[in-house]
Amino acid sequence: MKVRVASAGTGKTASLVLRYLELISSGTPLRRIAGVTFTRKAADELRVRVGQAIEDVLTKGQHLDFEASAASQPAFQEAAREITGATLSTIHGFMGQCLRLAAPLLHLDPDFSMLGDWEALALFEEEWNTLRYLAQDPGHLLFGEATDDLTEPLLHLFSRRSQAEVFEPAEGEVNQRLLRVYAAVYAAYEARLGANLLSPSEIERRALELTRHPRALERVLERVRVLLVDEYQDVNPLQGAFFEALEQAGLPIEMVGDPKQSIYAFRDADVGVFRKALREGQLLPPLARSYRHSQTLVRFLNHLTKNLAAQGQGFGPEEAPPVESTRSEQGRLEIHWVVGESPLDELRQQEAWVLAHRLRDLSSQTAFSQMAVLVRSYQSVRFLEEAFRAAQVPYVLLQGRGYYERQEVRDLYHTLRAALNPQGLSLAVFLRSPFGQHTEEGPLKPLELAQIEQVLQSSAPLQALELRWPSVYTRLRQVQARLRLEAPLEALKYLIRAPLMAGRAYPEFLEPRARENVDALLFYFASRPPQSLEGLLERLQMLSRQADAGDVPQAGEGVQILTIHRAKGLEWPVVAVFDLGRKNTHQARPLYLGRKEDDAAHLTQWVALPDTPQFGVFKEQVKALEQEESYRLFYVAASRARDTLLLTGSVSKDRPEGWVRVLEALNLGPYSPRYNRPELTLQTWRYQPIPPTPVIGSSEPLESAPWVAARFEIEPFPPLFSPSAYKRLEAEPLPLPDPEEGETLPGRARAIGTLVHYAIGQNWHPDNPAHLANLEAQEVMFPYDPDERAGIMDEVNTLLQSYQGLLGTQLPWPRDEDYPEFAVALPLGTTVWQGVIDRLYRVGEQWYLEDYKTDQEVRPEQYYFQLGVYLAAVQQAWQIEPEVRLVYLRFGEVIRLEKTFLEAALDEIRPSEKRNGFTQPGS
């Protein structure tokens with residue numbers, strides 16, 4: 001196994017592309033090279049760049065430093081043909097391909113489907129709830145074991161199943177009991193998936209199983225000769241074991257990555273897998289030339305990584321090779337500290353103020369859209385937004401935390417839940433949300449926590465609410481009434497749009513970003529309306545567990561604000577890292593996983609619940625790993641800038657926290673000597689309260705613009721409409737429907753008309769048995785029994801015989817040009833009228849426009865508007881003047897229509913047309 005360390009900005013992707021060219025030139029077909037990376041976006045980018053490099057070789061004979069020999073041209077021509085089908089995918093995509101190659105040997109369906117992580121978790125929880133219910137039966141396996149306290153540990157263990165192939169109980173009977181229950185639930189979950197459904201973690205487990213099956217492994221090795229793995233620092237233990245097994249089976253593997261950028265432990269990434277490859281594999285020379293960073297930033301990053309590596313903070317010396325810049329630009333580093341005795345949140349206000357003004361100063365050289373501010377936590381964003389608005393710095397907040405866990409979405413969820421069952425947490429959230437604001441003491445006012453607590457602690461919360469806060473109680477009753485009367489989607493719309501709070505709707509209490517999220521929620525459910533309120537609530541609860549569902553990205557341009565994790569792989573000319581003083585926080589877990597020192601393969605994890613001997617030990621192990629990762633996170637943040645890097649932090653009461661200590665070790669802390677050189681600024685600001693932002697402009701009300709009171713009139717017709725729908729002609733034939741697409745099957749009269757028109761359009765003859773059999777097989781006939789079908793077909797046959805009898809007599813035949821089922825569209829005002837002419841044809845110089853009717857009576861006047869639209873459409877499009885005729889097949893009668901009648905029918909709608917779509921007041 002060959003391993004290469006590639007620091008940030010050193011051209012890792014370019015090196016992979018060059019390796020592809022070398023392999024192709026040496027005789028390895030592109031179809032036998034597998035390229036694997038971490039995301040679909042990265043895989044798509046790699047495919048494009050490899051394809052472009054192959055094109056360069058074919059047209060120029062070289063790509064960057066690679067020069068192809070004349071003898072290798074056929075190999076590159078072959079590669080150019082294979083690029084679209086080449087194996088360039090994510091790790092799970094590659095594993096899936098391997099599994100499909102050997103699916104029968106592994107008892108898998110080759111056409112298995114992929115299941116999302118959050119869907120897998122929901123299925124596992126369902127199986128757990130089922131077993132917990134069955135455990136109430138004295139004869140069940142789990143009876144006698146307390147199960148109510150196991151839900152959180154089980155779900156957490158399931159979500160971490162990519163960290164180990166085997167879970168073992170640490171010392172303690174409760175740990176053993178947990179794993180017995182977990183094994184039972186997981187077995188039921190696997191049975192639920194069957195052979196045709198796999199989640200990412202199950203794909204990893206099955207892929208590892210494949211490597212232990214000789215015949216299955218042989219099939220993979222026959223297909224792939226070389227495997228190139230990108231971003232190897234982000235793989236998890238099961239993925240690492242899979243790659244190791246392939247390499248031991250004889251597949252050459254080359255991997256590249258940067259352990260300094262391993263920051264995805266929350267997704268089960270384990271930097272230890274990369275370090276194992278460094279120890280045991282063939283170490284290739286690192287990529288040591290930065291194409292991204294200016295001279296000053298390269299020196300700073302070298303200084304930073306050398307210091308951290310020397311102290312073993314985040315990475316070791318072999319993982320942090322020195323880098324030199326290929327750029328001549330000097331660049332700039334700025335570090336700004338805010339110190340004082342006040343609480344950190346007050347210091348952060350000034351820190352954000354300093355940063356906003358520095359970015360505004362830099363905007364004379366670099367556009368705001370070319371700047372980014374990175375934060376560890378979205379809790380820091382509110383300080384930035386307030387300061388940027390005050391300093392008039394435009395900004396865009398990129399994707400944030402889980403969309404379905406946003407406060408505005410949870411407010412709606414709990415309000416609906418409280419209307420369904422007004423008690424507990426949901427009632428508390430409803431009362432605390434804007435829906436809980438009251439008018440008992442004058443203008444709208446939120447309930448205080450003590451007042452909410454009084455309601456919740458009452459033996460009858462609703463009666464207490466009605467007695468003390470009747471305005472809130474009435475609001476809740478209004479929502480309940482809507483839920484009883486309307487569909488869930490309509491009730492959700494009402495909750496969002498109705499002016500329930502003293503004439504104000506819910507979005508009026510939200511920031512613009514939150515309003516966009518609420519709009520997105522409506523769009524989501526509008527495309528998939530739930531059948532019941534319980535279904536809507538369950539769907540929201542399941543989606544809240546989907547970690548990759550982010551906020552709706554804001555539109556516009558400006559400084560981009562995002563988390564460091566979100567910024568990985570990106571770069572900007574100017575980058576600021578805000579709130580360096582925020583310390584690393586540990587989120588408590590329902591259980592902790594630990595490893596034994598002799599587990600070299602990292603495939604076994606030991607499980608410890610609270611109050612067991614190993615719980616505290618494993619917790620400290622996890623916290624130590626998180627602290628290590630926090631140093632790597634700082635390196636990722638600092639390495640996003642190309643030209644200018646700004647670092648800001650706050651220090652309260654001389655107690656440095658977080659990354660402040662990292663910079664102190666570099667003599668760049670808040671109490672280090674100041675610098676003010678062209679390439680480096682180090683400045684400390686003493687805390688001063690930020691004055692409130694002044695109100696700009698006059699306090700007198702502005703005169704409304706003339707268009708403010710303009711109103712849009714309801715259009716008389718939809719944007720796209722048909723003449724037959726306008727006249728509500730129920731016997732009109734339909735195109736052959738597709739029930740699988742939800743199209744309605746017609747009644748008997750319309751079925752007859754549909755079959756007759758279809759047969760005429762196809763030039764089918766009633767004397768041809770194959771034509772009649774084809775008509776009878778159409779789906780419009782499915783609802784009818786054999787006797788009804790026979791009756792319909794007899795009538796269809798009679799009408800088609802009538803049509804054949806008219807051909808050559810009243811209907812000219814043969815024809816010079818003939819267009820059956822001729823589609824037309826006619827724009828009139830704000831509506832486009834569309835329809836299908838049954839027949840448009842030419843005999844000599846004369847054109848004919850015909851419409852065939854299967855009606856039981858002759859009433860041509862009801863079709864004037866429809867045929868008027870058809871006539872106007874062909875007049876405009878083809879500049880022809882056809883003779884317009886109605887053909888009544890039951891009566892064998894052809895009626896020629898006067899064009900004046902048709903034009904008069906069109907005049908019926910013309911007075912209703914509005915030119916501008918809106919009218920001014922008083923017009």
TODO: Quick one: compute the contact order of the stretch 1-150, relative version, from alpha carbon pairs under 8 angstrom and 6+ residues apart, as a percent.
DONE: 22 percent
Open item on the list: On C-alpha positions alone, give me the angle between the axis of helix 214-223 and the longest principal axis of the chain, in degrees, nearest 10.
Closed with: 80 degrees
TODO: Relative to the compact-globule scaling 2.2 N^0.38 Å, provide the ratio for the alpha-carbon radius of gyration of the stretch 161-289.
DONE: 1.23
Open item on the list: So with the 1.4 Å probe, I'd like the accessible area per residue for the stretch 780-923, rounded to whole Å².
Closed with: 50 Å²
Task: Solvent-accessible area, 1.4 Å probe, carbon plus sulfur percent, for the stretch 848-894 - done: 40 percent
TODO: Towards the positive end of the charge dipole of the chain, with charges on Cβ (+1 Lys, Arg; -1 Asp, Glu), say which of GLN856, ALA391, GLY761 has the farthest Cα.
DONE: ALA391
- [ ] Pop out the ³J(HN,Hα) list for the stretch 349-361 in order, Karplus 6.51 cos²θ - 1.76 cosθ + 1.60 with θ = phi - 60°, rounded to Hz; leave Gly and Pro as x.
- [x] 4, 6, 4, 5, 4, 4, 5, 4, 6, 5, 5, 5, 5
Open item on the list: What FRET efficiency comes out for VAL832 versus TYR378 if R0 is 41 angstrom and r is the Cβ-Cβ distance? Round to the nearest 0.05.
Closed with: 0.35
- [ ] Pairs of Cα atoms under 8 Å, at least six residues apart: use those to get the relative contact order of the stretch 565-683, whole percent.
- [x] 37 percent
- [ ] Select from THR612, PRO820, GLY35 the residue farthest towards the positive end of the dipole of the chain; place +1 on Cβ of Lys and Arg, -1 on Cβ of Asp and Glu, and compute about the Cα centre.
- [x] THR612
TODO: Express the carbon and sulfur contribution to the solvent-accessible surface of the stretch 251-377 as a percent, rounded to the nearest whole number, probe 1.4 angstrom.
DONE: 50 percent
- [ ] Report the antiparallel proportion of the DSSP beta bridges in the chain as a percent, rounded to a multiple of 5.
- [x] 30 percent
- [ ] With the cut-off at 18 Å, report for the stretch 3-64 the share of all Cα pairs above it, as a whole percent.
- [x] 37 percent
TODO: Note the angle between two axes, namely the Cα long axis of helix 73-82 and the longest principal axis of the Cα atoms of the chain, as a number of degrees from 0 to 90, rounded to the nearest 10.
DONE: 60 degrees
TODO: Mind giving me the FRET efficiency for SER26 and GLU386? R0 is 60 Å, r the Cβ-Cβ distance, nearest 0.05 is fine.
DONE: 0.50
- [ ] Pairs of Cα atoms under 8 Å, at least six residues apart: use those to get the relative contact order of the chain, whole percent.
- [x] 13 percent
Task: Estimated [θ] at 222 nm from DSSP helical runs (n ≥ 4, -39500 (n - 2.57)) normalised by residues in the chain, nearest 500 - done: -13500 deg cm²/dmol
- [ ] Compute the accessible area per residue over the stretch 1-153, keeping the other protein chains in place, probe 1.4 Å, unit Å².
- [x] 48 Å²
Open item on the list: How charged is the neighbourhood of GLU620? Take every other residue with its Cβ under 14 Å from the Cβ of GLU620, and add Lys/Arg as +1 and Asp/Glu as -1.
Closed with: +2
- [ ] Over the alpha-carbon set of the chain, work out the extent along each principal axis and list the three values in angstrom, largest first.
- [x] 103, 85, 75
TODO: Would you mind working out the magnitude of the charge dipole of the chain relative to its Cα centre, with +1 at each Lys and Arg C-beta and -1 at each Asp and Glu C-beta, to the nearest 20 Debye?
DONE: 3280 debye
Open item on the list: Need the C-alpha centroid separation for the stretch 259-326 versus the stretch 437-469, integer Å.
Closed with: 57 Å
Task: Binned Cα-Cα distances of the stretch 1-130, short to long, each 10 Å bin given as a whole percent - done: 11, 33, 28, 17, 8, 3, 1
Task: Selection from LEU18, GLN52, LEU476 lying farthest towards where the dipole of the chain points positive, charges on Cβ - done: LEU18
Open item on the list: With a 1.4 Å probe and all protein chains left in place, how much of the accessible area of the stretch 396-472 comes from carbon and sulfur atoms, in whole percent?
Closed with: 50 percent
Open item on the list: As I understand it, the value is the acute angle between the Cα axis of helix 91-101 and the longest principal axis of the Cα atoms of the chain; what does it come to in degrees, rounded to 10?
Closed with: 60 degrees
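The values are calculated or read from the model by the stated rules, or taken from the named source; none is laboratory data. Predicted model, so just to flag it, every value in this text is computed and none were measured. Cβ coordinates were reconstructed from backbone atoms using ideal geometry, including for glycine residues, and neighbour counts include every protein chain displayed. Please note that ligands, DNA and RNA were not included when accessible areas were found on the heavy atoms of the full protein model with its side chains. Shrake-Rupley method; radii C 1.70, N 1.55, O 1.52, S 1.80 Å.
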